[in-house]
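See structure below.
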Amino acid sequence: MRIGIDLGGTKIEIVALDDAGAVRFQRRVLTPRDDYDATIGAIEQLVRAAESALGCCCTVGLGIPGAETPETGLIKNANSTWLIGRPFRAELSRALGREVRLANDANCLAVSEATDGAAAGSAVAFAVILGTGTGGGLVVNGQLIVGANSIGGEWGHNPLPQATDEERPGPACYCGRFGCIETFLSGPGLAADYARRTHSGEQLTSEHVVTRAASGEPAALAALDVWEDRLARSLGTVINVVDPDVIVMGGGLSQIERIYTNVPARWGRYIFSDRVVTRLVPAVHGDASGVRGAAWLWERT
């Protein structure tokens, strides 16, 4: 039995999978934001609860919105900023009394979908999270590509490709740069773009923007149309570099059905090829894909 944990900015989810991939335990709690010790405590409580319910000790895999620096074991690049600079995996391992395997949450999505999801059997698969942040993960021939700097697949902190004058220098990003893909394509990025267009002062989420677009509101439709073009540009760059068989979408914004038609219809103009056969598909396991991928950080026995 293997446990997977998805540590998000707003919630922590745990699942336990058997060797067939069936869910034997599942629970969600709110993330103790900005409280490092409470975050470790919440994960420890979830693991103890799962093992008590299952009656066995399990392996533990963890997905986080960031990465671990190989030389130091310290967390970097996390939009859950209270983890940055802390030896999170080592301290969680001590709390649980066992080895914990850790990966970027987008890498966990990639592992999950390449194992038994939308990218199963694909030679090259790129996975995208579009939510509070914008992450990416790459699997080649079934192997997760972490990279020498533990940033394999991290497309979200490159500049928005082919930016227009209106898009430069772009919004400030938590990473310290301006105009990162994440600042445009994340949920907060879409909501902020809509707010700039309407000058209404409303504090809306990306879900509100999508709902208003579905009802035909012109400003929301315009914001979503530009967002789709930015997504096409950004994924076009990924295809130019990696040339994946499939791009799998996860995160809240992956539920916008129209992108699976509209974005491939646009991205050809940004790709260095006379034809594009790369497929753009939603994650088979939906919101559960990241946490399932964390569990699959431990191989089947």
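Any read-out appearing in this document is the output of simple, stated calculations on the displayed coordinates, not a laboratory observation. Bear in mind the structure is a predicted one, so any value in this text is a computation, not a measurement. Cβ atoms come from the backbone with ideal geometry, glycine included; neighbour counts cover every protein chain shown.
Quick notes
- Distance in nm between pseudo-label sites at ALA38 and ASP243 (7 Å out along the Cβ direction from Cα): 5.0 nm
- Pair ASP225, LEU54: separation of 7 Å Cα→Cβ label points (nm): 5.0 nm
- For the range 120-283, diffusion coefficient by Stokes-Einstein and Kirkwood Rh (Cα), 25 °C, 0.890 mPa s, µm²/s: 151 µm²/s
- Over the residues of the chain, the helix contribution to mean residue ellipticity at 222 nm works out to -11000 deg cm²/dmol, using -39500 (n - 2.57) for each DSSP H run of at least 4.
- Over the chain, relative contact order from alpha-carbon pairs under 8 Å, at least 6 apart, %: 21 percent
- With the simple spin-label model, which puts each label point 7 Å out from Cα in the Cβ direction, the TYR174 to THR205 separation comes to 1.7 nm.
- In the chain, the sites counted are trypsin sites (Lys or Arg not before Pro) in DSSP loop states with at most 13 other Cβ atoms within 10 Å, and the longest stretch holding none of them, exclusive of the sites, is 99-257.
- The slack in the chain from LYS11 to ARG275, taken as 0.36 nm per residue of separation less the alpha-carbon distance, amounts to 91.0 nm.
- Sparse-neighbour loop sites [GluC sites (Glu not before Pro); the range 149-211; at most 11 other C-beta within 10 Å; DSSP]: GLU202
- Applying the criteria of a DSSP loop state and at most 14 other Cβ atoms within 10 Å to the GluC sites (Glu not before Pro) of the range 227-299 yields GLU257, GLU299.
- Per residue, the convex hull spanned by the alpha carbons of the range 214-263 comes to 78 Å³.
- Charge dipole of the chain about the Cα centre (unit charges at C-beta), most positive-ward option of LEU297, ILE129, GLY187: LEU297
- With the highest mean first, a sort of the peptides 142-151, 59-68, 234-243 on other beta-carbon atoms found within 10 angstrom per residue produces 59-68, 234-243, 142-151.
- Of the complete DSSP H runs in the chain, those spanning 27 angstrom or more by Cα along the long axis with a mean Kyte-Doolittle score not below -0.5 are 36-54, 218-242.
- The gain in end-to-end length when the ALA214 to ALA265 segment is fully stretched comes to 16.4 nm, 0.36 nm per residue minus the alpha carbon separation.
- Within the chain, longest stretch clear of exposed chymotrypsin sites (Phe, Trp or Tyr not before Pro) (DSSP loop, no more than 16 other Cβ within 10 Å): 1-173
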